[in-house]
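Quick notes on the structure that follows.
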Amino acid sequence: MGKGKKGGKRLTKKQLAPKLEELFASNPGKTLSFKDIFRSLHLDTHPLKMLAIDIMEEMAWDDFITRVTDNSYQLNMKGQVQEGVFQRKTNGKNSIMPDDSDKPIFVAERNSMWALTGDRVRFACMARRKNHIKEAQVIQILERAKDTFVGRLSFDHDLCTLISPSNVLANSIIIPRRKLKGGKDGDNAVVRIVEWPDQDHRNMIGEVVDVLGKAGNNDVEMNTILAQYGLPYKYPKNVEEAAEKISAEITPEDYAEREDFRDVFTCTIDPKDAKDFDDALSIRQLKDGLWEVGVHIADVSHYVTEGSVIDKEAVKRATSIYLVDRTIPMLPERLCNFICSLRPDEEKLAFSVIFNLDEEANVKAYRIVHTVIKSNRRYAYEEVQELLEQNGVVDGTGEPAPAAPKGGYKGENADALIMLDRLAKKLRAARFKNGAVKFDREELHFDVDEKGKPVRCYFKRSKDANKLIEEFMLLANRTVAESVGKVAKGKKPKTLPYRVHDNPDPTKLETLREFVVKFGYKMKTDGTKGALAKSLNTLMSACEGKREQNLIQTVALRAMMKAKYSIHNIGHFGLAFDYYTHFTSPIRRYPDTMVHRLITRYQQGGRSANKEHYEELCEHSSEMEQVAANAERDSIKYKAVEFMSERVGNVYDAHISGIQSYGIYCEIDENHCEGLVPMRDLDDDYYDFDERNYCLVGRRHHNKYQLGDPIRIKVASANLEKKQLDFTLAGGGVSKLPYSKKITKP
């Protein structure tokens, strides 16, 4: 072939396009690389190859093919009509998340059929206009995510509508007067939709299901938060009545079947306002320098039988919910606060993991047994912390108490508590050495008066007394998981719900690496689980106490996957455990009750439980855990806004806690309440949002607002209904004071 003739006659776009279409159509499901395509179509000149790439880009734009990597495509096997979940946005940028895809498709309001967030829909992909993004049109609403909404009743002459600030609704919900159930103007209410919008009627017609009470009242607002998430705010009478009939008596048969720990020193250590004590620790010295530590857990499954009315309600709830000023328990009060609760000086039934530990906290032997216990003392965390510090423990150092002075340690049961602390610290050190990730996050807490009004808000840090309990609970949970999951090679483990935590998202880890480089830190984003964890821990230690600490911790947490329940064990990355479950809190978590039942069943020689049934329960429990966490977060937001509503106009030192395209989130240093400085208030320049570097940058003056920067703000408004604080800049914006002088944490 002569020079210039390579590849034969040059093809035009009109000739090459059908060849490419035919190639992909004849290879359905196969990913074709550029190399495969060029070879198959004998494209061996540079112009032809570039023409083919341009045509494939257009084919991908038209959804005939799908881009797999930067240099490979495959035939788009999905039809134009698909199914997915709808997401409504206040700014009108609605979207659908198609099944089997993580890429949302835009839906204009006119094409939404008034679908609401979470609705399952059937949709068609529209013909794409030139230079426009891909769009979809809803053609059928298959399943409504919910039919009840919560908000404030508003009357205008004879018309009553529901004002629902927390829900993005397509149109107003109108309630006929005969359907108000006694609700008055300004009442918060739960409303059920009885007529959905259609082509002739755009508004939703509703009926009041429950009147919660006057907006602004503390009980009403807390119940409103629960109702918004579809969570129960009152206990069904038939369930409470069933609980009243349960006998608290411990029978001779119970004593005969169980190990007796009533004469061994046992105590509970919990928050000072706790009522349900679901775990206790016992300790006694054995021969040969060993210590026997018992982790005793309330034997809920002894009292709550599978399939009973109490059990069905517990399954539905799946978890207790902890709002700022109240607990909404998973179990009726008679069970969670009385019969099952490991109260002091009362004999109680427990399910226990008994460990024989040496002085270095190595487990020499363990057994999982049903027991009878009698707690000698109920401690609050603060009491144990004070006792430890009185005897030379310096919180946060990881060092146990020094050797006992002449005359012994000070305080009631000091020897036992100090030994438990010493063993816990050995366990903790070993866990981090083994690759556990160290995130010591602080939690926002409120002190409230008898009416639920917040009088103080502050961050609470986990101290040595909290960590003492945590380590033994982790050890028990891991041991129980191993007892079922760890089997000989070739054998299948029996069904058990695990608490699993997948490896971090690689893309987000790379974003974190690129981000921390700007502060002079290095980290690895590949390698084994242990190497990743070690790199994260090194980063956390390096930034501790620095101005950027909170910022880096926030970005690092975003790279982490969410822990969840599953019968399919993949280990727990954060804890660096190959096997982990939840066994230690059956009063407040349903998966723990499931684990108790299965362990008992297997101890009695029972067959492996139904996998599909337990996986369904795991998925439900994971979902309810997330819903409960959202409700708890909303209650904190409400109390923060309520606390600041009496401080409008005040000026505070703060730091930037979040950056979005619409403004800057700032957290007040003094009380840790968070609010937003809207973008419209940054009027000294036009600011661009740099999402990758978490900052806003001015176009003309190059002024920069970055996560963690100290800043002076003025409280502009506090909207309780929207749970929203608005700030404005005060005193020249970003503060020049040293950051270390500004943040004070109790």
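In table form, for the structure just shown:
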quantity: Selection count, the range 5-41, where residues are modelled with pLDDT under 90, in a loop (DSSP other than H, G, I, E, B) and of a type outside the set (S, T, N, Q); calculated: 10
quantity: Single match in VAL353, VAL324 (criterion: hydrophobic (A, V, I, L, M, F, W, C), surrounded by 15 or more Cβ atoms within 10 Å (Cβ to Cβ), modelled with pLDDT under 95 and in contact with a Lys or Arg (Cβ under 8 Å, 6 or more places away or on another chain)); calculated: VAL324
quantity: Residue among ARG128, ARG120 that alone is at pLDDT below 90 and open to solvent by 50 Å² or more (accessible area, probe 1.4 Å); calculated: ARG128
quantity: Single match in LYS467, LYS451 (criterion: assigned to a helix (DSSP H, G or I) and basic (Lys, Arg)); calculated: LYS467
quantity: Selection count, the range 659-681, where residues are open to solvent by 10 Å² or more (accessible area, probe 1.4 Å), touching a residue at least 24 places away in the same chain (Cβ under 8 Å) and among the aliphatic types (A, V, I, L, M); calculated: 2
quantity: Residue list for the range 572-598, filter: touching a Leu at 6+ places or on another chain (Cβ under 7 Å), more than 20 Å from SER301 (Cα to Cα) and surrounded by 23 or more Cβ atoms within 10 Å (Cβ to Cβ); calculated: none
quantity: Output for the range 538-571, where each listed residue is modelled with pLDDT of 85 or more, β-branched (Val, Ile, Thr) and surrounded by fewer than 17 Cβ atoms within 10 Å (Cβ to Cβ); calculated: THR538, ILE570
quantity: Which listed residue is modelled with pLDDT under 90 and in contact with a strand residue (DSSP E or B) (Cβ under 6 Å, 6 or more places away or on another chain), from TYR652, TYR739; calculated: TYR739
quantity: Residue match in the range 142-151 (condition: among the aromatic types (Phe, Trp, Tyr), free of Cβ contacts under 8 Å to residues at least 40 places away in the same chain, surrounded by 14 or more Cβ atoms within 10 Å (Cβ to Cβ) and assigned to a strand (DSSP E or B)); calculated: no
quantity: Subset of the range 177-209 (residues that are open to solvent by less than 90 Å² (accessible area, probe 1.4 Å), part of a loop (DSSP other than H, G, I, E, B) and in contact with a strand residue (DSSP E or B) (Cβ under 8 Å, 6 or more places away or on another chain)); calculated: LEU180, GLY182, GLY183, ASP185, GLY186, TRP196, PRO197, ASN203
quantity: Failed item, numbered, when ASP684 is tested on (1) modelled with pLDDT under 85; (2) open to solvent by less than 50 Å² (accessible area, probe 1.4 Å); (3) not aromatic (Phe, Trp, Tyr); calculated: (2)
quantity: The range 39-54: number of residues that are surrounded by fewer than 17 Cβ atoms within 10 Å (Cβ to Cβ), under 14 Å from ASN71 (Cα atoms) and in contact with a Leu (Cβ under 8 Å, 6 or more places away or on another chain); calculated: 1
quantity: Residues of the range 266-314 satisfying the condition of being assigned to a helix (DSSP H, G or I), open to solvent by 10 Å² or more (accessible area, probe 1.4 Å) and closer than 30 Å to HIS445 by Cβ; calculated: GLU313
quantity: In the range 222-246, the residues that are open to solvent by 70 Å² or more (accessible area, probe 1.4 Å) and either in a loop (DSSP other than H, G, I, E, B) or of a type in the set (S, T, N, Q) (or both); calculated: TYR229, LYS234, ASN238, LYS245
quantity: Set THR90, THR66: member being at pLDDT below 85 and open to solvent by less than 70 Å² (accessible area, probe 1.4 Å); calculated: THR66
quantity: Extreme residue, most open to solvent (accessible area, probe 1.4 Å), among residues of the range 405-436 that are assigned to a loop (DSSP other than H, G, I, E, B) and touching a residue at least 12 places away in the same chain (Cβ under 8 Å); calculated: LYS410
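The values are calculated or read from the model by the stated rules, or taken from the named source; none is laboratory data. Source: prediction; values computed, not measured. Glycine gets a Cβ as well: all are built from the backbone with ideal geometry, and neighbour counts include every protein chain shown. Side chains are part of the model used for accessible areas, which takes the heavy atoms of the whole protein and leaves out ligands, DNA and RNA. Shrake-Rupley method; radii C 1.70, N 1.55, O 1.52, S 1.80 Å.
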